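Participant: Encoded as structure tokens, here's the structure I'll be asking about.
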Amino acid sequence: MTVVLLSLLCLGQLALAAPVFRITHTGKTPVTGRVFVAISTDTSLETEPRDQISDDHSTQQLFGIDVSNLSPGQYVQIDSSVLGYPVRTSASIPAGSYAVQAIVQPYDRYRRGDGTTVWLPRVVVNKAGNILRAPGTLSSRPVVQALSNSSTTVLSATMVDPDVPFVGPANDTDYIKHVSIRSPSLSEFWGRDIFLEACVLLPYGWADHPDARYPMVVYQGHYSDDWATPVAFSEQPPAANLTDLAYVQALYAYYLYRNWTDPDGLFKGRRVLVMTVKHPTPFFDDSYAVNSANMGPYGDAIHLEFVPAVERMFRGLAEPWARTTFGGSTGGWEAMAAQVLYPDSYNGAWVACPDPIDFRAYTTVNLYEDENAYYYNAPWKRTARPGMRDEADNFIYPGSTMPMGQTTATIEELNLHELVLGTNSRSCGQFDIWEATFSPLNRSTGYPVRLWDKLTGAMNPDAIAYARDNYDLSHIMKRDWETLGPKLLGKLTIYVGGSDTWFLNNAVMLVQDFLETTTQPHYAGRVIIGNSDGRGYAHCWSGDDTVPNSIGRLTYNQRLVPEIVDRILATAPQGADVTSWRY
């Protein structure tokens with residue numbers, strides 16, 4: 001049986017004297033997917049090595065290789081020819097004792113409706129938020145091993161990570177309802193049944209006002225087992241055993257419940273539905289809620305089919321004037337894309353710390369002018385582009401740090417990490433999901449076309465032009481302002497911290513420069529760059545300059561729903577129902 005390996009041998013590099021790892025698995029069927037070995041200098045074994053791989057300075061070591069039809073008991077070898085992160089080759093590992101662990105990640109085969117057949121990770125949704133713990137992943141128990149240029153370590157992956165069950169109607173409460181609807185268009189694209197799922201927060205008094213019809217607020221964001229925006233909704237105060245930030249998050253979830261159900265409180269006269277959407281794909285825990293050549297028509301399925309269907313189920317007004325959206329980070333980009341690409345479907349987007357909304361600032365890369373994604377254009381110097389900085393915050397609080405803004409990873413390091421996690425945009429990492437969303441389909445392989453070479457950073461102008469014309473929201477607004485501008489009048493509110501961790505403020509400032517110069521019409525919205533005492537807020541600032549980010553993100557609903565209701569009332573068409581839900 002043939003085992004296909006992707007290694008640096010493909011690049012003309014030969015295996016050098018180095019530690020060798022021979023890995024097998026005890027699964028029930030042959031595996032097509034990816035095999036890893038994680039290596040850690042922490043030999044306490046208190047934390048598994050696979051859980052110590054990160055983008056920042058604390059990361060431990062990972063090597064990864066593609067396999068095809070790897071049978072149970074059959075070995076695959078990881079040697080110096082196999083690409084690693086952050087050290088590229090095992091020949092550079094100093095001799096010594098390390099904690100080591102094997103991970104075997106099975107892929108699923110998709111025979112898609114576009115005629116392509118691809119192997120992709122299983123839906124990457126799990127409690128750890130770690131692709132190395134995706135459902136069905138096999139791993140070995142960590143062991144301490146002496147490594148040297150002559151050592152051979154044999155590891156067998158025997159433990160299996162469980163699937164994450166759907167939080168369904170059995171978990172419904174008086175306020176939180178769960179919905180799952182099969183999408184015909186997505187099912188046709190993927191060649192298997194695809195369901196969109198929602199968690200819906202009902203307003204206080206919903207059951208007691210059967211004649212009321214409600215506005216809908218759609219929260220955009222990463223996958224969450226249950227309703228979260230990102231704060232949860234809890235009818236119980238925090239458990240006594242919680243401490244630090246976990247306690248604070250539980251406390252604010254309870255605060256929201258108390259506020260939401262107060263008949264005379266903040267939400268009096270502002271009774272709305274708030275829904276979250278689950279739309280994971282094999283490329284990420286989230287589809288980015290737009291139509292994509294690589295992931296299918298998620299935009300149409302969510303905005304034109306699913307959201308209106310959920311509105312009808314829970315007595316929503318189900319009219320664009322009474323439908324708004326908000327979100328942060330990935331959800332911030334999605335909220336803005338929903339408003340820009342579906343301008344007739346939403347009456348406002350509250351956008352926090354969005355992923356790049358102008359591709360001239362694709363974090364720190366200008367896709368259109370830079371010659372290389374990893375290094376600045378220069379005749380003599382070779383200066384690496386920063387990709388991530390420490391989370392500056394003007395408050396000291398659990399989970400936050402002093403505002404130093406130090407670089408913790410470069411663009412090259414972030415992309416090397418992803419390349420080791422998965423080839424063909426299959427790392428479920430940030431740059432790869434942007435690629436899966438924004439890039440055209442390579443019909444010869446079935447996978448996304450690279451925006452740039454992952455190893456070298458060399459740009460791909462044709463793929464970048466495609467991304468610009470279809471997904472650069474700033475470019476699209478400029479190009480189409482004559483017809484699009486009137487449909488966006490007063491609908492955009494954008495927040496970002498002045499020192500965003502991933503430099504997302506750069507793109508927001510470029511969009512601000514454009515929007516402030518618009519005429520016929522002037523955009524009549526707001527762009528707010530968050531700074532406090534001269535210190536820029538980090539990711540993901542959402543407009544509250546009185547508390548740390550870790551707290552501000554827990555009060556979205558209390559701060560934004562009043563603004564949303566004001567917007568709806570001010571723009572409701574004549575004769576619209578602006579009374580039944582205002583008890």
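The values are calculated or read from the model by the stated rules, or taken from the named source; none is laboratory data. Since the model is a prediction, treat every value here as computed from it, not as a measurement. Backbone-built Cβ (ideal geometry, glycine too); neighbour counts: all protein chains shown. We work out accessible area using only protein heavy atoms, side chains counted, and drop any ligands, DNA or RNA first. Shrake-Rupley method; radii C 1.70, N 1.55, O 1.52, S 1.80 Å.
Participant: Taking the condition out of contact with any His (no Cβ under 8 Å at 6 or more places or on another chain) and β-branched (Val, Ile, Thr), does residue 330 pass?
Facilitator: no
Participant: To continue, here is another question. Tell me which residues, restricted to the stretch 181-202, are open to solvent by 10 Å² or more (accessible area, probe 1.4 Å) and either under 23 Å from the mean Cα position of the chain (by Cα) or in contact (Cβ under 8 Å) with a residue 60 or more places away in the chain (or both).
Facilitator: Passing the criteria: 181, 182, 185, 188, 189, 191, 192, 193, 194, 195, 197.
Participant: While we're looking at this one, here's another question. Any residue in the stretch 504-518 that's under 13 Å from residue 353 (Cβ atoms): show its pairings with residues that are open to solvent by 70 Å² or more (accessible area, probe 1.4 Å) and in a helix (DSSP H, G or I) at Cβ separation under 9 Å, as long as the two are six or more apart or on different chains.
Facilitator: These pairs meet every condition: 506/360; 507/360.
Participant: Still on this structure: Against the condition surrounded by fewer than 17 Cβ atoms within 10 Å (Cβ to Cβ), within 26 Å of the chain's Cα centre (by Cα) and part of a loop (DSSP other than H, G, I, E, B), how does residue 577 come out, does it pass?
Facilitator: Judged against the criteria, residue 577 is not a match.
Participant: When only residues in the stretch 315-328 that are of a type outside the set (Lys, Arg) and open to solvent by 20 Å² or more (accessible area, probe 1.4 Å) count, which is nearest to residue 435 (Cα to Cα)?
Facilitator: 320
Participant: Ok, one more. Those residues that are in contact with a Leu (Cβ under 7 Å, 6 or more places away or on another chain) and of a type in the set (A, V, I, L, M, F, W, C), I need them from the stretch 460-491; list them, please.
Facilitator: Listed by number, the residues that qualify are 463, 464, 467, 477.
Participant: Ok, one more. Might you let me know whether the stretch 234-242 holds any residue that is outside any loop (DSSP other than H, G, I, E, B) and of a type outside the set (Val, Ile, Thr)?
Facilitator: no
Participant: Keeping to the stretch 451-508, report how many residues are in a helix (DSSP H, G or I) and aromatic (Phe, Trp, Tyr).
Facilitator: Result for the stretch 451-508: 3.
Participant: Determine the pairs where a residue that is within 17 Å of residue 511 (Cα to Cα), located within the stretch 479-490, has a partner that is surrounded by 15 or more Cβ atoms within 10 Å (Cβ to Cβ) and of a type in the set (D, E, K, R) with Cβ atoms under 8 Å apart, the partner being 6 or more residues away or on another chain.
Facilitator: Here the result reads 490/567, each pair linking the stretch 479-490 to a residue that is surrounded by 15 or more Cβ atoms within 10 Å (Cβ to Cβ) and of a type in the set (D, E, K, R).
Participant: I need the full set of residues from the stretch 329-371 which are of a type in the set (Gly, Ala, Ser), crowded, with 23+ Cβ neighbours inside 10 Å, touching a helix residue (DSSP H, G or I) at 6+ places or on another chain (Cβ under 8 Å) and not in a helix (DSSP H, G or I), in order please.
Facilitator: 348, 349, 352 - these are the residues of the stretch 329-371 that are of a type in the set (Gly, Ala, Ser), crowded, with 23+ Cβ neighbours inside 10 Å, touching a helix residue (DSSP H, G or I) at 6+ places or on another chain (Cβ under 8 Å) and not in a helix (DSSP H, G or I).
Participant: Failed condition for residue 493, given (1) of a type in the set (S, T, N, Q); (2) surrounded by 16 or more Cβ atoms within 10 Å (Cβ to Cβ); (3) farther than 19 Å from residue 346 by Cα, with all others met?
Facilitator: Failed condition: (3).
Participant: Please go through the stretch 372-395 and pick out each residue that is assigned to a loop (DSSP other than H, G, I, E, B), modelled with pLDDT under 95 and surrounded by 20 or more Cβ atoms within 10 Å (Cβ to Cβ).
Facilitator: 391, 393, 394
Participant: Does residue 312 qualify as being at pLDDT 95 or above, among the basic types (Lys, Arg) and closer than 18 Å to residue 350 by Cα?
Facilitator: In short, no.
Participant: Residues of the stretch 418-451 being buried (at least 24 other Cβ atoms within 10 Å of the Cβ) and among the aromatic types (Phe, Trp, Tyr), which ones?
Facilitator: Answer for the stretch 418-451, where residues must be buried (at least 24 other Cβ atoms within 10 Å of the Cβ) and among the aromatic types (Phe, Trp, Tyr): 434, 438.
Participant: Can you name the number of the only condition in (1) over 30 Å from residue 409 (Cα atoms); (2) open to solvent by 80 Å² or more (accessible area, probe 1.4 Å) that residue 486 fails?
Facilitator: For residue 486, the exception is condition (2).
Participant: Also, quick follow-up: Report every pair of residues separated by at least 6 positions or lying on different chains whose Cβ atoms are under 9 Å apart, first residue within the stretch 244-261 and open to solvent by 20 Å² or more (accessible area, probe 1.4 Å), second assigned to a helix (DSSP H, G or I).
Facilitator: From the stretch 244-261, the pairs are 245/550; 249/550; 252/551; 255/558; 259/557; 259/558.
Participant: Continuing with this model, one more query. Working only within the stretch 452-463, note down all residues that are open to solvent by less than 10 Å² (accessible area, probe 1.4 Å) and among the aliphatic types (A, V, I, L, M).
Facilitator: Hit for the stretch 452-463 is 463, nothing else.
Participant: Considering the stretch 558-574 alone, what residues qualify as being more than 29 Å from the chain's Cα centre (by Cα) and open to solvent by 40 Å² or more (accessible area, probe 1.4 Å)?
Facilitator: 566, 569, 570, 571, 573, 574
Participant: On to the next question. If you go through the stretch 203-237 one residue at a time, how many are touching a residue at least 60 places away in the same chain (Cβ under 8 Å), of a type in the set (A, V, I, L, M, F, W, C) and open to solvent by 50 Å² or more (accessible area, probe 1.4 Å)?
Facilitator: 1
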